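Report on the structure given below.
The values are calculated or read from the model by the stated rules, or taken from the named source; none is laboratory data. Model, not experiment: these values are computed from the prediction. Neighbour counts are summed over all protein chains in view; Cβ atoms, including those assigned to glycine, are modelled from backbone coordinates with ideal geometry. For accessibility, only protein heavy atoms count, side chains too; no ligands or nucleic acids. Shrake-Rupley method; radii C 1.70, N 1.55, O 1.52, S 1.80 Å.
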Amino acid sequence: MSHSFSFEVQACCHQTKARVGLFHTPHGWVETPRFMPVGTLANVKTLTPAHLKEAGAQMVLSNTYHLHLQPGEKIVNRAGGLHRFMAWNGPILTDSGGFQVFSLSEIRTITEDGVTFRSPHDGQIIEFTPERSIQIQNELGADVIMAFDECPPYPASREAVLKATQRTKRWLERCINAHQRSDQALFGIVQGGIYSDLRQQAAEELVKFDLPGYAIGGVSVGEPAALIEKIVQVTTPILPFHKPRYLMGVGTYREMAQAIAAGVDLFDCVIPTRLARHGAALIKGERLNLKNAQFREDFQPLDETCPCYTCQNFSRAYISHLVRAKELLAYTLISIHNVTELIRFTQRIREAILNHRFVEEFQFWLSPAPDSETVLDEIEINKRSHG
């Protein structure tokens with residue numbers, strides 16, 4: 001890592017591969033394990049930076065694909081970079097745009113050079129190459145930037161996944177050569193679909209590049225939860241111990257707990273704000289649909305144990321009223337709570353690891369999901385949550 005970046009493992013679980021760490025960046029440190037809220041278009045939907053700070057956020061995400069389309073990286077750069085543009089002075093990570101190019105563009109052409117697609121905004125033909133993705137991210141100015149990768153869908157044939165995985169490695173080499181800023185850490189992304197040997201091979205190849213950190217990509221794209229867990233367990237041990245490990249697009253209690261047990265440090269997902277916009281609050285891993293009539297005269301807080309602004313000041317009845325009236329305040333109040341809830345979950349795991357009680361305190365979430373329908377629901381929400 002450059003002088004601006006470092007990662008130190010502070011403690012390890014004696015029963016699992018879970019660990020506690022500190023990731024240092026030019027804009028501050030991140031205590032791991034940690035959930036990171038997603039701010040796709042340089043904002044976490046309905047929340048201000050002050051809300052995020054109060055919720056315990058230390059690092060947030062933005063997306064290269066979406067910011068390139070609107071407002072454009074040159075405008076962000078002229079504003080002083082993402083940190084000044086969105087008034088967030090903590091660490092920021094930008095996704096490469098690879099997932100969005102492959103999942104959101106109905107008309108696209110993939111070649112060895114890159115991907116050509118039609119803008120959903122104005123129909124303009126846009127070309128994304130590894131070099132272009134890195135150039136855009138250099139202009140955006142996030143602390144951590146991601147290599148441009150090819151994310152195969154699920155299900156996909158072994159041949160198709162192998163081809164995408166090999167191309168991802170070649171594109172990583174081009175990303176490294178194009179990267180121009182020492183104050184940005186470039187992370188590589190391990191692909192390989194559901195094939196354990198391809199995941200292992202990809203991880204081994206990427207480790208040779210000695211990058212500042214590594215991500216596990218291509219999960220939560222429709223595969224069963226058990227396969228996600230298997231992918232993480234196979235891939236994580238190959239990644240360097242003294243560098244941060246990031247599982248992309250995952251944000252449910254069970255998936256995060258199981259991944260932490262395998263040695264993962266960082267997570268992101270838009271679940272908390274997406275659920276909020278549908279009137280659903282996360283309470284200890286369960287979901288309350290506040291549109292339901294049972295909450296119209298429920299005057300207790302969303303969660304009496306939660307310290308967030310919403311739970312300390314408002315009742316379920318009031319928030320239910322706002323949801324049914326489609327008042328914008330509803331989405332802000334629920335988002336404040338939901339973001340706080342997922343960050344607190346990873347904070348509690350961090351404390352449990354430090355106190356050597358991780359397995360005892362989180363055994364329920366480390367076990368397979370008891371309800372397969374709930375698992376499928378979680379996967380579907382994750383699948384829609386990238387970008």
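Place a +1 charge on the Cβ of each Lys and Arg in the chain and a -1 charge on the Cβ of each Asp and Glu, then give the dipole magnitude about the Cα centre in debye, rounded to the nearest 20.
Working: 39 positive and 42 negative charges, 83 e Å.
That gives the chain a dipole magnitude of about 400 debye.
Quick one: net charge of L328's neighbours, Cβ under 14 Å, K/R +1, D/E -1? Walk me through the intermediate numbers first.
Working: positive: K45, R277, R324, K326; negative: E327.
Net charge in that neighbourhood comes out at +3.
For P(r) over Cα pairs in 10 Å bins from 0, in percent, the choices are [x] 5, 21, 31, 27, 12, 3, 0; [y] 5, 20, 24, 20, 15, 10, 5, 1, 0; [z] 5, 24, 34, 26, 9, 1, 0; which was calculated from the structure?
The value computed from this structure is option [z].
Do you know the relative contact order of the chain, to the nearest whole percent, from alpha carbon pairs under 8 angstrom that are 6+ apart?
Across the chain, relative contact order equals 19 percent.
Give the accessible surface of the chain per residue, rounded to a whole number of Å², with probe radius 1.4 Å and ligands, DNA and RNA excluded.
So the chain comes to 41 Å² accessible per residue, rounded to a whole number.
Listed highest first by mean packing, meaning other Cβ atoms within 10 Å per residue, what order do 116-124, 236-244 come in?
Details: 116-124: 12.7, 236-244: 18.0.
Final packing ranking: 236-244, 116-124.
If the elastic network links every pair of Cα atoms under 10 Å, which of S320, S96, S335 fluctuates the most in the Gaussian network model of the chain?
S320
Identify all lysines with a Cα-Cα distance to K17 below 17 Å; exclude those on the same chain that are fewer than 8 residues away in sequence.
By straight Cα distance, K17 reaches K230, K243.
Looking at the P(r) of segment 274-322, how many percent of alpha-carbon pairs lie beyond 15 Å?
39
Quick one: angle between helix 253-262 and the longest Cα principal axis of the chain, in degrees between 0 and 90, rounded to 10, please.
With rounding to tens, the tilt is 50 degrees.
F299 to D210: extension gain in nm, 0.36 nm per residue of separation minus the Cα-Cα distance?
Separation in residues times 0.36 nm, less the Cα-Cα distance, equals 26.6 nm.
Once you charge only the Cβ atoms, +1 for Lys and Arg and -1 for Asp and Glu, what is the size of the charge dipole of segment 175-327 about its Cα centre, to the nearest 20 debye?
Dipole magnitude for segment 175-327 comes out near 440 debye.
For segment 1-124, what D do you get in µm² per second when you plug the Kirkwood radius from alpha-carbon pairs into Stokes-Einstein at 37 °C and 0.692 mPa s?
Taking Rh from Cα pairs, D becomes 197 µm²/s.
For E150, E286, give the ranking by accessible area with the largest first, probe 1.4 Å.
Values: E150 25, E286 110 Å².
Greatest to least solvent exposure: E286, E150.
Using the Cβ atoms and a cut-off under 13 Å, what net charge is assigned to the surroundings of A147, where Lys and Arg are +1 and Asp and Glu are -1?
It works out to a net charge of -1.
Students often get this wrong, so check it: of K74/K163; K53/K74; K53/K208; K74/K208; K53/K291, which have C-alpha atoms separated by over 31 Å?
Distance filter (> 31 Å) returns K74/K163; K53/K208; K74/K208.
What residues have an amide H closer than 5 Å to that of T32, excluding those fewer than 5 places away on the same chain, when H is modeled at 1.01 Å from N in the peptide plane?
Here G21, L22, F23 satisfy the definition.
To the nearest 10 degrees, how steep is helix 158-178 against the longest Cα principal axis of the chain, on a 0 to 90 scale?
So the helix axis and the longest Cα principal axis differ by about 80 degrees.
Rank R277, R348, R296 by mean-square fluctuation in a GNM of the chain with C-alpha springs under 10 angstrom and give only the top-ranked residue.
Evaluated over the chain, the most mobile residue of the options is R296.
How large is ³J(HN,Hα) for each residue in segment 29-37, as worked out from phi by the Karplus curve 6.51 cos²θ - 1.76 cosθ + 1.60 (θ = phi - 60°), to whole Hz, x for Gly and Pro?
10, 10, 7, 10, x, 8, 8, 10, x
Please work through the chain and write down the cysteines that have no neighbouring cysteine Cβ at a distance under 4.7 Å.
Isolated Cys, the chain: C12, C13, C151, C175, C269, C308.
Could you calculate the contour length gain from L227 to L41, that is, 0.36 nm times the residue separation minus the distance between their Cα atoms, to one decimal place in nm?
63.9 nm
Pop a pseudo-label 7 angstrom from the Cα along the beta-carbon direction at both A87 and E360 and give the gap in nm to one decimal.
In this crude spin-label approximation the distance works out to 4.5 nm.
Largest first, what is the accessible-area ranking of W88, W365 with a 1.4 Å probe?
Result, largest first: W365, W88.
Short version: ³J(HN,Hα) in whole Hz for each residue of segment 299-305, in order, from phi by Karplus 6.51 cos²θ - 1.76 cosθ + 1.60 (θ = phi - 60°), x for Gly and Pro, what are they?
Couplings: 9, 8, x, 3, 8, 5, 8 Hz.
Enter the angle in degrees (range 0 to 90, nearest 10) between the Cα long axis of helix 225-235 and the first principal axis of the Cα atoms of the chain, meaning the one along which they spread out most.
The helix 225-235 is inclined about 50 degrees to the chain.
Just grab the label-to-label distance for R181 and Q124, each label 7 Å out from Cα along the Cβ direction, in nm (one decimal).
2.1
Have a look at A280, S157, Q70 and report the one farthest towards the positive end of the charge dipole of the chain, computed about the Cα centre with Cβ charges (Lys/Arg +1, Asp/Glu -1).
Q70
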